[in-house]
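The values are calculated or read from the model by the stated rules, or taken from the named source; none is laboratory data. Small disclaimer: the values here were computed from a predicted structure and weren't measured. We place every Cβ from the backbone using ideal geometry, glycine too, and count neighbours over all the protein chains shown. Note: areas computed on protein heavy atoms with side chains; ligands, DNA, RNA excluded. Shrake-Rupley method; radii C 1.70, N 1.55, O 1.52, S 1.80 Å.
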Amino acid sequence: MKTTGIVYTKQHLHHKTGSHHPESGSRLRAIMNALRKQKLFSKREYCLISPEIAPTEDLELVHSREHIKLVKQVCENGGGLLDLGDTVASDGTFMAAKYAAGSAKRAVDEVLKGRLRNAFALTRPPGHHAGPTYAMGFCVFNNVSVAASYLATKGLRRILILDIDAHHGNGTQEIFYDTGNVLYISLHEDPHEFPGVGFEDEVGRDDGLGYTINIPFPLRTGDDAYLKAMHEIVIPVTREFAPQFILLSVGYDGYFRDPVGRLNLSFQIYPLIFRKMLDLASATCEDKLVAVLEGGYCVPRLGKLVLSTILTMAGSSLQRTVDSRPVDLAAEKRAEKIVERVKKVQSKFWKVLKA
Ligand SMILES: [Zn+2]
């Protein structure tokens with residue numbers, strides 16, 4: 001029987017961000033507590049795996065030598081800021097970040113070799129804002145991009161990254177903007193304020209034209225628009241693309257109680273999206289799917305949110321959680337129009353989107 005792998009190491013906790021930073025070790029502690037409480041690791045459907053450290057050559061698949069060197073230096077000097085904002089490093093960050101990239105790589109490697117059915121890399125620092133030459137938005141190395149690039153070195157030519165963090169993954173988009181090997185689809189909140197890119201007319205360049213799909217939703221968008229985007233864009237385009245591997249760049253900060261994200265998504269939307277992506281993986285690539293943790297800062301609920309998606313990966317589910325989330329009808333209406341607009345823009349590249 002094939003199992004769902006959970007890739008985790010305590011090394012991720014050596015990345016210290018200070019007592020008031022939303023991206024803290026308590027996130028991973030809450031997640032691991034929720035998984036242990038459910039006794040996941042004594043069940044035969046799951047296994048806990050330790051990652052290896054990502055060697056420099058893996059980081060160099062997506063990052064410049066200068067960026068890697070800078071992170072190393074800042075950490076050796078005891079830590080400090082890695083950007084002009086709030087991307088903090090401590091003395092343990094370089095090691096933790098190398099483990100984070102190594103976790104994503106280990107997860108895809110195990111699934112690619114058929115030793116696991118699917119896997120979730122529970123990592124921090126997160127990755128999707130980190131670009132080729134910079135750290136940004138709490139992200140140091142781009143973990144999901146290291147995993148995708150590693151798959152490309154193994155000969156894969158159609159890799160899908162679906163990014164459902166509340167924020168646009170500007171780093172991932174930039175890394176794969178001019179390649180057709182990686183299709184990057186992102187559903188996210190209005191990116192005007194942050195990260196400043198991720199609009200629907202950003203569609204890729206050169207060989208990558210049509211292989212970037214951005215669905216930028218108004219603030220306070222909820223489940224209905226997300227489901228419309230899944231059914232009318234993500235699912236048909238994925239079927240047409242026929243990926244050889246599906247990567248999920250998963251942030252839970254779109255959850256309506258999250259203190260950082262500004263969307264109105266329910267608890268239930270996360271296992272629902274996972275279910276749809278697992279079905280797509282089963283239809284297109286023999287179940288090959290790996291999730292990599294990005295954001296999600298509502299610590300009291302994060303453990304259960306992640307648990308609900310990991311249970312889904314093993315074909316199980318959590319007892320239904322009912323949340324009375326707020327609904328902003330005006331935002332929902334505008335969000336529906338965005339889905340139509342993205343379909344129009346992308347219909348140049350995808351047959352299934354032609355009216
Ligand atoms: Zn985020």
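Miscellaneous remarks
- Close contacts from segment 72-85, counting a first residue that is under 13 Å from VAL140 (Cα atoms) and a second that is surrounded by 12 or more Cβ atoms within 10 Å (Cβ to Cβ) and among the acidic types (Asp, Glu), with Cβ to Cβ under 6 Å and a gap of 6+ residues or different chains, come to CYS75/ASP91; GLY79/ASP91.
- Condition broken by ASP165, with the remaining ones in (1) open to solvent by 10 Å² or more (accessible area, probe 1.4 Å); (2) within 12 Å of the ligand (Cβ to nearest atom); (3) not aliphatic (A, V, I, L, M) satisfied: (1)
- Condition check for LEU28: open to solvent by less than 50 Å² (accessible area, probe 1.4 Å) and either under 28 Å from PHE274 (Cβ atoms) or touching a Gly at 6+ places or on another chain (Cβ under 9 Å) (or both): yes
- Scanning segment 153-176 for residues that are touching a residue at least 60 places away in the same chain (Cβ under 8 Å), part of a helix (DSSP H, G or I) and under 18 Å from ASP206 (Cα atoms) yields THR172, ILE175.
- Of the strands (runs of 3 or more DSSP E) that lie entirely inside segment 42-149, those containing 1 or more residues that are within 19 Å of LEU28 (Cα to Cα) span 46-49, 88-90, 118-121.
- The residue of segment 309-342 that is surrounded by the most Cβ atoms within 10 Å (Cβ to Cβ), among those that are among the acidic types (Asp, Glu) and in contact with a Gly (Cβ under 8 Å, 6 or more places away or on another chain), is GLU332.
For every residue, the table says whether it meets (1) of a type outside the set (Phe, Trp, Tyr); (2) under 23 Å from GLU336 (Cβ atoms); (3) assigned to a loop (DSSP other than H, G, I, E, B).
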position	(1), (2), (3)
THR179	yes, no, yes
PHE199	no, yes, yes
ASP207	yes, no, no
ILE213	yes, yes, no
ASP224	yes, yes, no
LYS228	yes, yes, no
HIS231	yes, yes, no
VAL234	yes, yes, no
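- Remark: pairs (first residue in segment 291-307, at positive phi; second residue surrounded by fewer than 19 Cβ atoms within 10 Å (Cβ to Cβ); Cβ separation under 9 Å; 6+ apart in sequence or on different chains) = GLY296/VAL260.
- Single condition ALA121 does not satisfy, out of (1) in contact (Cβ under 8 Å) with a residue 12 or more places away in the chain; (2) surrounded by fewer than 24 Cβ atoms within 10 Å (Cβ to Cβ): (2)
- Tally, over segment 280-308, of residues that are away from the ligand (no atom under 16 Å from the Cβ), open to solvent by less than 10 Å² (accessible area, probe 1.4 Å) and in a helix (DSSP H, G or I): 5
- Within this structure, ASP223 passes the test of being surrounded by fewer than 23 Cβ atoms within 10 Å (Cβ to Cβ), touching a Leu at 6+ places or on another chain (Cβ under 7 Å) and more than 13 Å from GLN346 (Cβ to Cβ).
- When segment 62-82 is filtered for residues that are more than 21 Å from HIS12 (Cβ to Cβ) and in contact with a Ser or Thr (Cβ under 6 Å, 6 or more places away or on another chain), only SER64 remains.
- Candidates in segment 171-190 are the residues that are open to solvent by 10 Å² or more (accessible area, probe 1.4 Å) and of a type in the set (S, T, N, Q); of these, the one that is nearest to the ligand (Cβ to nearest atom) is GLN173.
- Number of the exception - ILE273 against (1) aliphatic (A, V, I, L, M); (2) within 16 Å of the ligand (Cβ to nearest atom); (3) open to solvent by 10 Å² or more (accessible area, probe 1.4 Å): (3)
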